[in-house]
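Each reported figure results from applying straightforward, stated rules to the coordinates on display, with no laboratory input. Note that this is a predicted model, so its numbers are computed, not measured. For neighbour counting, all protein chains shown are included, and Cβ atoms are generated from backbone atoms with ideal geometry for every residue, glycine included.
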Amino acid sequence: MIGRLRGEILHKQPPWLLLDVNGVGYELEAPMSTFYDLPAVGKQVTLVTHLAVREDAHTLYGFLRETDRALFRDLLKVTGVGARMALAILSGMDAHRFAQCVEQEDYAALIRLPGIGRKTAERLVIEMRDRVAGLAGGAASSGGATAGSPRPAMAEEPLNDAIEALIALGYRPPDANRMARAVANGAKTSEEIIRAALRGVG
């Protein structure tokens with residue numbers, strides 16, 4: 001089992017990441033809660049990881065915080081929740097916000113995440129209530145531009161990368177396109193666009 005990696009970031013395009021660890025390149029998938037705080041390409045980073053083994057693939061998931069990895073693993077134990085949905089949840093809200101939604105039975109906020117309907121939201125609340133105890137009191141992640149501030153025009157490449165990332169997180173292409181373009185003006189990176197787009201549905 002691979003539980004932790006430290007190496008140089010060679011490439012990052014949400015939700016994928018390539019990490020050079022002593023000459024070996026590890027491909028990982030990571031939630032946006034991790035991407036927002038990653039250093040630049042060429043910098044060193046330490047990630048805690050989760051290796052998912054299936055007959056047709058071995059997939060490595062990376063997280064900056066142990067809290068996120070623990071929540072990811074707990075989500076995988078919920079009936080009907082797979083790795084893709086768990087990544088989408090951790091991309092749409094941080095662990096503290098998710099815990100608040102569960103404790104307050106905020107089904108509306110959960111349903112706004114891709115792939116989650118009413119029944120799945122109800123299962124999340126029922127099965128995760130005991131597992132998220134203590135998380136809801138933490139501070140939510142900060143950052144991002146202030147809504148309504150003046151913004152210059154947006155380059156197409158980060159916008160297209162953001163749209164692809166939203167699709168990979170489970171949003172339908174038309175929705176991903178609409179969400180990204182609605183917040184793209186003035187954002188400099190795909191991560192900024194994704195953060196703003198996800199805040200719009202959170």
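Projecting the Cα atoms of 79, 26, 13 onto the charge dipole of the chain (Cβ charges, centred on the Cα centre) puts 79 farthest toward the positive pole. Placing unit charges on the Cβ atoms of the charged side chains and taking the dipole of region 156-201 about its Cα centre, the candidate lying farthest along the positive direction among 198, 177, 166 is 198. Listed by Cβ neighbour count within 10 Å, with the fewest neighbours leading, 50, 58 appear as 58, 50. Between region 20-72 and region 161-196, the alpha-carbon centres lie 21 Å apart. Among 124, 87, 51, the largest mean-square fluctuation in a Gaussian network model of the chain (Cα springs under 10 Å) belongs to 51. Relative to the Cα centre, the charge distribution of region 156-201, modelled as +1 at Lys and Arg Cβ and -1 at Asp and Glu Cβ, gives a dipole magnitude of about 240 debye. For region 31-45, 3J(HN,Hα) computed residue by residue from phi via the Karplus equation (6.51, -1.76, 1.60; θ = phi - 60°) reads x, 5, 4, 8, 4, 4, 10, 5, x, 6, 4, x, 8, 7, 8 Hz, glycine and proline entered as x. Overall, the chain carries a charge dipole of about 320 debye about its Cα centre when +1 sits on the Cβ of Lys and Arg and -1 on the Cβ of Asp and Glu, all other atoms neutral.
Which of rounded, prolate or oblate describes region 67-128 when judged by the alpha-carbon gyration tensor and an a/c cut-off of 1.5? Verdict is rounded for region 67-128.
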